[in-house]
Amino acid sequence: MAELLVIRHAQASFGADDYDKLSPLGHQQSQVLGDLLRKAGWEPDRLVTGTLTRQKETLRSMGFEAVPEEHPGWNEYDFHDLLRVKHGGVIPDMVQHDRKTHFRTLKSVLREWQKGGIEGAAETWAAFSARLEAARAFATDTAARRVLVVSSGGAIGQLVASALGTTPEQMIALNLQVKNTSMTRFVFNARAFTLHEFNSTPHFATPEGAELLTYS
């Protein structure tokens, strides 16, 4: 069977006016992961990202030279849009800049969104789920044996939840566990798509590497 290795983008710029770019630490995380894969002899036959800058910067800093394909289905849900709509157009400062408040609020908003709430958001939960399935089909409709995708935490959470046949609520729990540059691996063929490994970070498994670990 072929492998689909889905990487969450490296650390972005939490709280900044432009979240969609890597921090200096994010570039370091990406390089360490790329080095690990090459040392392990895992060279991708096909590269795919979403259209987000943080996803594309992660792949570039991993050091693979082939030109990637893009599919917007691998993009994250627009959490800034969901939070703005929920709060009447302006995200409160604590929600924007305080990590604990941000993620506590985000969990609540995601639950409401999944149930059909947050009216006026740019994307519905159903549309998000459908484009993730389209992205999965795009990445696995291939003769390649090793497909590497750089995506985002919510997309990975939904992909895992869908593969396991679990609930939307479980997607939220999975989403918020996904570490920057973690690896989630699936095996697939024309008849099957199976989760093999979730949220793995062997490149952070040393005392030095542990200092690079982030979640946002």
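None of the figures in this text is laboratory data; all of them are computed from the coordinates on show. All values reported here derive from a predicted model rather than from experimental measurement. Note that we place each Cβ from the backbone using ideal geometry, even for glycine, and neighbour counts take in every protein chain shown.
Summary table below
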| quantity | calculated |
| --- | --- |
| Counted charge near residue 128, where neighbours are those whose Cβ lies closer than 11 Å (Asp, Glu -1; Lys, Arg +1) | -3 |
| Length added when fully stretched, residue 66-residue 200, from 0.36 nm per residue minus Cα-Cα | 45.8 nm |
| Cα→Cβ-extended label distance, 7 Å offset, between residue 173 and residue 39, nm | 3.4 nm |
| Residue pairs, from the table 21/115; 21/100; 56/100; 86/115; 107/179, whose Cα atoms sit over 24 Å apart | 21/115; 56/100 |
| Sum of -39500 (n - 2.57) over DSSP H runs of 4+, divided by residues of the chain (222 nm, nearest 500) | -13000 deg cm²/dmol |
| Ascending count of other beta-carbon atoms within 10 Å, so fewest first, for 95, 160, 67, 6 | 67, 95, 160, 6 |
